[in-house]
Each structure stands twice: as structure tokens, then as C-alpha cells.
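Colleague: Before we start, here is the structure in question, set down as C-alpha cells.
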Amino acid sequence: MSFQYNKLRGRIVEIFGSQAKFADVVGQSEQIITAKLSGRSSFTQDNIITWSRALNIDQNEIGNYFFTQKLSNS
């Protein structure tokens with residue numbers, strides 16, 4: 001199962017203006033942020049909590065940002 005992170009990307013830009021600034025705040029490299037948002041690297045529970053707090057994502061909304069499934073082309 002794969003997920004899409006368009007809403008999460010949008011929130012990062014809305015709050016921080018760039019992935020680079022967001023990376024600084026959450027203490028990860030921009031490369032790690034990009035890998036996670038592109039699905040090349042998985043999110044840990046700690047990542048989800050840290051990112052949600054930094055982005056002011058309500059606990060009830062986490063699923064909308066981190067667990068939206070990609071639609072298949074079949």
C-alpha cells in the first residue's frame with residue numbers, strides 16, 4: 001500500500017514556506033523530508049508526532065495528512 005502526501009506538502013509550504021525551513025525545525029535533512037514525501041522512506045510514529053506538532057495538525061486530522069492512499073491507475 002502506498003500513500004500520497006500532497007496535503008502534507010501543501011501544509012509544509014503554507015506554514016514554513018519551504019521544505020528546507022521545515023527540515024530545520026524538525027531536525028532532519030531536506031533529503032530525508034523529500035524521501036518521506038516521495039514514499040522512498042517510511043514515516044515512524046515519532047516522525048508523525050513531531051511533524052504534526054510542527055505543522056499544527058490536530059490529532060483527529062493526522063490520517064488525512066499521513067494515511068491518504070494513492071489511487072491506482074488500473
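The values are calculated or read from the model by the stated rules, or taken from the named source; none is laboratory data. In this text the structure is predicted, and so the values were computed from the model without any measurement. So basically every Cβ, Gly included, is an ideal-geometry build from the backbone, and we count neighbours across all protein chains shown. What goes into the accessible areas is simple: the full protein's heavy atoms, side chains included, and nothing from ligands, DNA or RNA. Shrake-Rupley method; radii C 1.70, N 1.55, O 1.52, S 1.80 Å.
Colleague: Which loop-located chymotrypsin sites (Phe, Trp or Tyr not before Pro) does region 22-74 contain, where loop means any DSSP state but H, G, I, E or B and the Cβ has at most 13 other Cβ atoms within 10 Å?
Modeller: On the way: sites: Phe22, Phe43, Trp51, Tyr65, Phe66, Phe67; in loops: Phe43, Phe67.
Counting only loop positions with at most 13 other Cβ atoms within 10 Å, the chymotrypsin sites (Phe, Trp or Tyr not before Pro) in region 22-74 are Phe67.
Colleague: Taking all protein chains in place and a 1.4 Å probe, what share, in percent, of the accessible surface of the chain do carbon and sulfur account for? Please list the in-between numbers first.
Modeller: On the way: 2280 of 4950 Å².
Solvent-exposed carbon and sulfur of the chain make up 46 percent of the total.
Colleague: A further question follows. Of the options Ile33, Gly17, Phe3, report the single residue whose Cα projects farthest towards the positive end of the charge dipole of the chain (beta-carbon charges: Lys, Arg +1; Asp, Glu -1).
Modeller: The one lying farthest along the dipole's positive direction is Phe3.
Colleague: Also, quick follow-up: Quickly estimate the mean residue ellipticity at 222 nm for the chain, helices only: each DSSP H run with n ≥ 4 gives -39500 (n - 2.57), and the total goes over all residues, rounded to 500. Working shown, then result.
Modeller: Values: 5 runs with 42 residues, N = 74.
So the helix-based figure for the chain works out to -15500 deg cm²/dmol.
Colleague: Would you kindly find the accessible area of Ser42, with a 1.4 Å probe and non-protein molecules such as ligands, DNA and RNA excluded, rounding to the nearest 10 Å²?
Modeller: Ignoring ligands and nucleic acids, Ser42 comes out at about 90 Å².
Colleague: Treating only the Cβ of Lys, Arg, Asp and Glu as charged (+1, +1, -1, -1), what charge dipole size does region 5-73 show about its Cα centre? Round to the nearest 20 debye.
Modeller: Working: 8 positive and 6 negative charges, 45 e Å.
The calculated dipole for region 5-73 is roughly 220 debye.
Colleague: Turning to a different aspect of this structure: Taking only Cα atoms, what is the 0 to 90° angle, nearest 10, from helix 6-16's long axis to the longest principal axis of the chain?
Modeller: 10
Colleague: Can you list residues from other chains, or at least 5 along the same chain, whose modelled amide H is less than 5 Å from the amide H of Phe3?
Modeller: Distant-sequence amide H within range of Phe3: Lys70.
Colleague: Another one. At 1.4 Å probe size, with every protein chain present, just tell me what the per residue accessible area of the chain comes to in Å². Let's see the in-between values first.
Modeller: On the way: 4950 Å² over 74 residues.
Solvent-accessible surface per residue comes out at 67 Å².
Colleague: Please state the relative contact order of the chain as a whole percent: Cα pairs under 8 Å, 6+ residues apart?
Modeller: Numbers: 57 pairs, mean separation 34.4, N = 74.
Value for the chain: 47 percent.
Colleague: P(r) for the chain: what percent of alpha-carbon pairs falls in each 5 Å bin, starting at zero?
Modeller: Taking all Cα pairs of the chain, the binned fractions are 3, 16, 30, 30, 15, 5, 2, 1 percent.
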